[in-house]
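Report on the structure given below.
Read-outs: derived from the displayed coordinates by stated rules, not from any lab. None of the values given here were measured: they were computed from a predicted structure. Don't worry about glycine lacking a Cβ; one is built from the backbone with ideal geometry, like all the others, and counts go over all protein chains shown.
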């Protein structure tokens, strides 16, 4: 049973990534299928589904650098579905799949660690250069900000609720989040966001617009939150503090 779970996890991982990737258009990919170059015919929905699954898995294995023998994989699929004699015992297959899973996890952990270190170095270099730019103010925590528009309203405390418009981007300029995408401002408690935001908001009078430069340890740190934000990312936010709702406590 455990061997089946390992195999399912491996296939599920490949399928999940492949399906996600298929939702992103690739400018280098033709929009119409190439002419058939083999004797394989795709006459039925089952044929097309079978081919699509195989093609997605193949592309994903190649993208991840996973060394697969397509012929052996097809043979294993055929033998498994036919219920006939398998070329490996259940124990042998279990050992192979367990080793593959461990090796893949070790590879990904090494890549993650390398990426975290690269992002940390790039972020520190960016902040070192940025602090010398006109109008940039550096705080003891490492947070930096620049006042784009000065407001004259109340400054929120940690327990207050604020309404803001913002755009978040990486130091390379890639936008990862923005209230412009939703078409409406965001409202939240000052204490319920990343530490860099909590610190900056308490310094901002309502009506202000700041550009805030958040070092990794005041953002998401060494963990990855998905999407463009990797481990140890330094983040940049343009924040417009619209209003402050004082805590009733």
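Mind giving me the FRET efficiency for residue 90 and residue 114? R0 is 45 Å, r the Cβ-Cβ distance, nearest 0.05 is fine.
Numbers: r = 36 Å, r/R0 = 0.81.
FRET efficiency, residue 90 to residue 114: 0.80.
Roughly how many nanometres apart are two label points built 7 Å out from the Cα toward the Cβ at residue 69 and residue 154?
With each label placed 7 Å out from Cα toward Cβ, I get 7.2 nm.
Please report 57, 241, 218, 203 as a ranked list, fewest other C-beta atoms within 10 angstrom at the top and most at the bottom. Intermediate results must be reported in sequence, preceding the final value.
Values: 57 19, 241 26, 218 22, 203 16.
Going from sparsest to densest Cβ surroundings: 203, 57, 218, 241.
Only counting other Cβ atoms within 10 Å, I'd like 79, 172 sorted with the fewest neighbours first.
Starting with the residue having the fewest Cβ neighbours, the order is 172, 79.
How would you classify the range 137-245 from its alpha-carbon gyration tensor, with a ≥ b ≥ c the square roots of the eigenvalues: rounded for a/c under 1.5, else prolate if a/b is greater than b/c, otherwise oblate? Intermediate results must be reported in sequence, preceding the final value.
Working: a/c = 1.60, a/b = 1.37, b/c = 1.17.
It comes out prolate by the Cα gyration axes.
Exposure proxy check: 169, 48 ranked by fewest other beta carbons within 10 Å? Intermediate values should be presented prior to the final figure.
On the way: 169 16, 48 11.
Ordered from fewest to most neighbouring Cβ atoms within 10 Å, 169, 48 come out as 48, 169.
What's the center-to-center distance, using Cα atoms, between the range 87-103 and the range 200-249 in Å?
Cα centres, the range 87-103 to the range 200-249: 46 Å.
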